[in-house]
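K.L.:
Structure provided below as structure tokens; questions to follow.
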Amino acid sequence: MRITAIETIHVRRGITVHWGPIQWLWVRIHTDTGLVGLGETYPRPDAEKAIVHHALAPVLLGRDPAEIDKLWLDMFRAVSYSGWGGAEMRAISAIDVALWDLAGKAANVPIYQLLGGASRDSIRTYNTCYDHIDFMKEPVRLARELKAAGVNAMKIWPFDGVAVETGGNFISADQMRQGLEPLRLIREEFGDSMDVAMEFHGYWNLPCAIKIAQAVEAYSPMWLEEMLPQDNLTAYRELAATTSLPLCVSERLMTRYGFRELFENQAARIVMPDICWCGGISEAKKIAIMAETWYLPIAPHNCGGPVLHAASLHLAANVPNLYILESVRRHYGDEYIGVVSNPIPSVNGSFPLPPGPGLGIELLPEVLSRPDVSIERSDLR
Ligand SMILES: [Mg+2]
């Protein structure tokens, strides 16, 4: 099999959050057998697709897509003159997912079978609450709806509003009380029957993070995620020493080299690679194995488009050390509908093993003619 063309499909979507527009980039790898592999990255498609066409396509065109490890290394060498990271690694991630999709299709099996088979019958999930119900205003109603759907774990970020107000530099006693309120109300109503992960999006300085971690301890959250930015892991170690709660770090880290520092630093108790950022399925599997050697679980970051969702399910099906998989009911129940052939919804708080072959999903043809979609293609000459 030979790679004959690489296509990028940029979906503008028109959705903007406080840090910018949320857009998806899909990559399709065409071959001389007619099989097509699908990959994805986000959230800056203009930069990512430039890397795909100008830096990665010259490496890939004409090559055998089954040689995934060799292609990964050649792509990495083509862009790694300044270390790892950024749009370069996100672009490699998208290509890598598409290569695994092709490998699965060529073998006519789901990707998780190629990774070593299933380690479980179903995949437990928590709901990240980008939702039609605002967790700041109606946390109990939101938690009740989730529980009714069998979802007994959720993630909220009730301190973000304060962090944006104060730049993450300080927090008053009143602001602390406001931030704690949703978690307090959920505990009051449901006791310990709902797991609640607390997300901080890297907004806080170290003294505030220590103070908040101490204040939330009484409510036993499932974890504290990204309390600090991720550029100084030594500071994370100091934070870890002040709390008995597990810290979850790393959705923005890339490659096994970036994660090596995280493991050696020993601050994170839950490891959160994003397949479409860290270097693809290949790299996420390696990171999961590295985590195993430190007796740490992974909880893959899954808050992008429908291809990341499917890829995350395959990784989560396979790795022995899965803690729980992120998902967003508004994504698989709404935003992925009409976009892919199978949005793979959760059933009773968990996902079934994902179908195959490959990822087990395809873009619906009508997506390609949407007015907010632009397609570019690099062909083998
Ligand atoms: Mg996060």
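K.L.:
For segment 1-109, state what percent of all Cα-Cα pairs lands in each successive 10 Å bin, counting from 0 Å until the bin that includes the largest distance.
P.N.:
Histogram of Cα-Cα distances, whole percents per bin: 15, 48, 28, 8, 0.
K.L.:
A further question follows. With springs only between Cα atoms under 10 Å, which of MET272, MET75, MET176 fluctuates most in a Gaussian network model of the chain?
P.N.:
Among MET272, MET75, MET176, the largest GNM mean-square fluctuation belongs to MET176.
K.L.:
Dipole size in debye (nearest 20) for the chain around its Cα centre, Lys and Arg Cβ +1, Asp and Glu Cβ -1?
P.N.:
Dipole size: approximately 360 debye.
K.L.:
Something else about it: Taking the Cα centre of segment 22-77 as origin, work out the dipole magnitude from +1 charges on Lys and Arg Cβ and -1 charges on Asp and Glu Cβ, in debye rounded to 20.
P.N.:
140 debye
K.L.:
Also, quick follow-up: Can you give the accessible area of ARG370 in Å² (nearest 10), computed on protein heavy atoms with a 1.4 Å probe?
P.N.:
The value for ARG370 is about 80 Å².
K.L.:
Among LEU146, ASN108, ALA50, whose Cα lies farthest out toward the positive end of the dipole of the chain, if unit charges sit on the beta carbon of Lys, Arg (+1) and Asp, Glu (-1)?
P.N.:
ASN108
K.L.:
When DSSP beta bridges are limited to those with both residues in segment 113-352, what percentage is antiparallel, rounded to the nearest 5?
P.N.:
20 percent
K.L.:
Using Cα-Cα distances under 8 Å and only pairs 6 or more residues apart, what relative contact order does the chain have, in percent?
P.N.:
22 percent
K.L.:
Could you provide, to the nearest whole Å², the per residue accessible area of segment 113-352 with probe 1.4 Å?
P.N.:
Working: 8850 Å² over 240 residues.
Value for segment 113-352: 37 Å² per residue.
K.L.:
Please state, rounded to one decimal and in Å, the Kirkwood hydrodynamic radius that segment 203-296 gives when every pair of distinct Cα atoms enters the mean of 1/r. Spell out each step's value before the answer.
P.N.:
Details: mean 1/r = 0.0742 Å⁻¹.
Evaluated on segment 203-296, it is 13.5 Å.
K.L.:
Putting +1 on Lys and Arg Cβ atoms and -1 on Asp and Glu Cβ atoms, find which of VAL79, MET222, HIS309 reaches farthest to the positive end of the dipole of the chain.
P.N.:
Of the candidates, VAL79 comes out farthest on the positive side.
K.L.:
Between HIS54, HIS201, HIS18, where does the largest GNM mean-square fluctuation fall for the chain, given springs only between Cα atoms within less than 10 Å?
P.N.:
HIS18
K.L.:
Turning to a different aspect of this structure: Please determine, in degrees from 0 to 90 and to the nearest 10, the orientation of helix 68-79 with respect to the longest principal axis defined by the Cα atoms of the chain, where the helix direction is its Cα long axis.
P.N.:
Result, in degrees: 80.
K.L.:
Ignoring everything except DSSP H segments at least 4 long, calculate the 222 nm mean residue ellipticity for the chain; use -39,500 (n - 2.57) per segment, divide by total residues, nearest 500. Working shown, then result.
P.N.:
Values: 14 runs with 147 residues, N = 381.
Using -39500 (n - 2.57) per qualifying helix, the result is -11500 deg cm²/dmol.
K.L.:
Kirkwood hydrodynamic radius, computed over distinct alpha-carbon pairs, for the chain: how many Å, to one decimal?
P.N.:
Working: mean 1/r = 0.0472 Å⁻¹.
So the Kirkwood estimate lands at 21.2 Å.
K.L.:
Let me ask another. Give me the percent relative contact order of segment 34-129, please, defined on Cα pairs under 8 angstrom at least 6 residues apart.
P.N.:
Value for segment 34-129: 40 percent.
K.L.:
Counting only the backbone N, which residues of segment 192-214 are under 18 Å from the spot 7 Å out from the Cα of THR234 toward its beta-carbon?
P.N.:
The answer is 205-207.
K.L.:
Testing the spin-label approximation: label points 7 Å from Cα along Cα→Cβ at GLU165 and ASN348. State their distance in nm.
P.N.:
Rounded to a tenth, the inter-label distance reads 4.3 nm.
K.L.:
In addition: Just how large is the dipole of segment 1-152 about the Cα centre, in debye to the nearest 20, putting +1 at every Lys and Arg Cβ and -1 at every Asp and Glu Cβ?
P.N.:
That gives a dipole near 320 debye.
K.L.:
Kindly report, to the nearest 10 Å², the accessible surface of GLU226 as traced by a 1.4 Å probe over protein heavy atoms only.
P.N.:
Answer for GLU226: close to 0 Å² accessible.
K.L.:
Taking the full set of protein chains and a 1.4 angstrom probe, give the accessible area of LYS70 in square angstrom, rounded to the nearest 10.
P.N.:
Surface open to solvent at LYS70 totals about 100 Å².
K.L.:
Okay, next question. For segment 244-359, what's the relative contact order in percent, using C-alpha pairs closer than 8 Å and at least 6 residues apart?
P.N.:
So the answer I get is 21 percent.
K.L.:
Compute the length gained on full extension between TYR257 and ASN108: take 0.36 nm times their separation in residues and subtract their Cα-Cα distance, giving the result in nm to one decimal.
P.N.:
50.4 nm
The values are calculated or read from the model by the stated rules, or taken from the named source; none is laboratory data. The structure displayed is predicted, hence computed values, not measured ones. Because the Cβ atoms are built from the backbone with ideal geometry, glycine has one as well, and the counts that use them run over all protein chains shown. We work out accessible area using only protein heavy atoms, side chains counted, and drop any ligands, DNA or RNA first. Shrake-Rupley method; radii C 1.70, N 1.55, O 1.52, S 1.80 Å.
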